[in-house]
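The values are calculated or read from the model by the stated rules, or taken from the named source; none is laboratory data. Just so you know, these numbers come straight off a predicted model, no measurement behind them. Methodologically, a virtual Cβ is constructed for each residue, glycine included, from the backbone with ideal geometry; neighbour enumeration extends over all protein chains shown.
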Amino acid sequence: MTQDAETLYRQAGERFAPALARLARAVERDAEKARDLEQEMHCALWTSLARFEGQCALKTWVYRVAHNVAADHVTNAVRGPKKVPLEEIDALPSAGNPETDAAEALALAQVAELIRRLPSLDAQVIVLWLEGESAAEISDVTGLSSGAVATRVHRIKGLLAGHFQTDPSKGEIA
Amino acid sequence: MTTPPFPNWTESAQDAVFTEPTEVLLKADRFDQTVRRRNIREYAAGVSGVVLSLAIAGFFAWIGKFTHVAAVLILGVGFLVVMRNLHHRASRLERLIEEPCIDHLRRQYLHQAEALGSVGSWYIGPLVPGFLAMQLAIFWDVAQDRGWEEALADKGWAFAIGVAFLVGIIALNRWAARRLMRKVEELDALN
């Protein structure tokens, strides 16, 4: 690895390590496998950065690599619940422990459960939106048009609004 | 970037850090070792197939069944071609992990669909001459003693089952390839 690439890797680590950890934990329920997936993202990123020549923003590059590794992980994993496109989901799925007292943990678990049940691209849009990325940034990472991104975000906001106290002014997609 | 809509989400995993480059190097090395081990296993399987084919061919030569010798050798060559094709296909897979997610998914689906849809030519096809030669040798053996009609009546069912099995494998793989192509069409329809 060149010095530049190693510097970029360290910069990416400082800025995006928590986001990649959240992504890994969202797509993989098993904590140990989620940690392995996180490390797999780091390795893929480390390898790929040797090819980084400023073709896009570092953030876009990092998210693309991480989301593609996550998508491959989901594809290769043992078959889970059948994937249901976002437009066919009417309510948030149960995280399996509805009586928990930890409301926040339950909320996160429910969102993660929703993400695990969505096809890759829908899940990628939701995770990036949760990270606070704009429609243009989500479009850059996923390759979806801004319109397709906006449609998906509108749908997920509708699903979440009924369950959580979210500020409607936050996460507005331009 | 907008204000994160769901603060609980972005507040979690704040203590996460990237794997140290030295550890990443070790992992990459372990991955290379895994690939090397897989290649060695593939070559060992190929060599075992050749050795086994030669041994069986030698046995048939020893008992004077030379049609069987030819059939086993053709089948052995077929296995070698399949091994080569497997290796060639595995090494040809491009992994541009930094491309936009939709392109990455599309590429993966297309690669898998192409591999599954053409399984008849690169996996089943090379084994067909050996399979046919072996069947012919079996028919020939029986026909020498009892005539072709009885040979067909006696051994024809095994041949039919073999053909049905191979056709079934091809059909199943083509069905899976069509499902993947539908996924590609769904991706194309998203934009």
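Here are a few things to note about the model shown:
- Exactly one residue out of A:Ala57, A:Ala44, A:Ala34, A:Ala12 is hydrophobic (A, V, I, L, M, F, W, C) and farther than 20 Å from A:Asp140 by Cα, and it is A:Ala34.
- Scanning the stretch B:96-112 for residues that are part of a helix (DSSP H, G or I), out of contact with any His (no Cβ under 6 Å at 6 or more places or on another chain) and either within 7 Å of chain A (Cβ to nearest Cβ) or crowded, with 20+ Cβ neighbours inside 10 Å (or both) returns B:Ile102, B:Asp103, B:His104, B:Leu105, B:Gln108, B:Tyr109.
- Condition check for B:Ala164: within 14 Å of chain A (Cβ to nearest Cβ) and surrounded by fewer than 13 Cβ atoms within 10 Å (Cβ to Cβ): no
- The set of residues from the stretch B:26-40 being over 19 Å from A:Leu20 (Cβ atoms) and more than 24 Å from the chain's Cα centre (by Cα) comprises B:Leu26, B:Asp29, B:Arg30.
- Selected residue (criterion: surrounded by the most Cβ atoms within 10 Å (Cβ to Cβ)) from residues of the stretch A:34-65 that are over 16 Å from B:Ala28 (Cα atoms) and charged (D, E, K, R): A:Arg64
- With respect to (1) under 22 Å from A:Thr142 (Cβ atoms); (2) without any contact (Cβ under 8 Å) to a residue 24 or more places away in the chain; (3) not hydroxyl-bearing (Ser, Thr, Tyr), the lone exception for A:Ala26 is condition (2).
- Looking only at residues in the stretch B:14-37 that are surrounded by 12 or more Cβ atoms within 10 Å (Cβ to Cβ) and charged (D, E, K, R), the one that is modelled with the lowest pLDDT is B:Lys27.
- Residues of the stretch B:1-25 that are outside any loop (DSSP other than H, G, I, E, B), within 7 Å of another protein chain (Cβ to nearest Cβ) and not hydrophobic (A, V, I, L, M, F, W, C): B:Asn8, B:Thr10, B:Pro21.
- Matching residues, the stretch A:130-156, being part of a helix (DSSP H, G or I), in contact with a Gly (Cβ under 9 Å, 6 or more places away or on another chain) and within 7 Å of chain B (Cβ to nearest Cβ): A:Leu130
- Lone unmet requirement of (1) at pLDDT 90 or above; (2) buried (at least 17 other Cβ atoms within 10 Å of the Cβ) for B:Phe79: (1)
- Residue in the stretch B:70-93 that is under 30 Å from B:Glu185 (Cβ atoms), within 14 Å of chain A (Cβ to nearest Cβ), part of a loop (DSSP other than H, G, I, E, B) and without any contact (Cβ under 8 Å) to a residue 60 or more places away in the chain present: yes
- Any hit, the stretch B:145-152, residues being more than 30 Å from B:Ala61 (Cβ to Cβ) and part of a helix (DSSP H, G or I): no
- Flag if B:Ala70 is closer than 28 Å to B:Pro129 by Cα, surrounded by 13 or more Cβ atoms within 10 Å (Cβ to Cβ) and among the aliphatic types (A, V, I, L, M): yes
- Within the stretch A:67-78, the set of residues being of a type in the set (A, V, I, L, M) and facing chain B (nearest Cβ under 9 Å) comprises A:Val69, A:Ala71.
- Residue in the stretch A:14-22 that is assigned by TED's automatic domain parsing to the domain that holds A:Thr60 and more than 20 Å from A:Ile115 (Cβ to Cβ) present: yes
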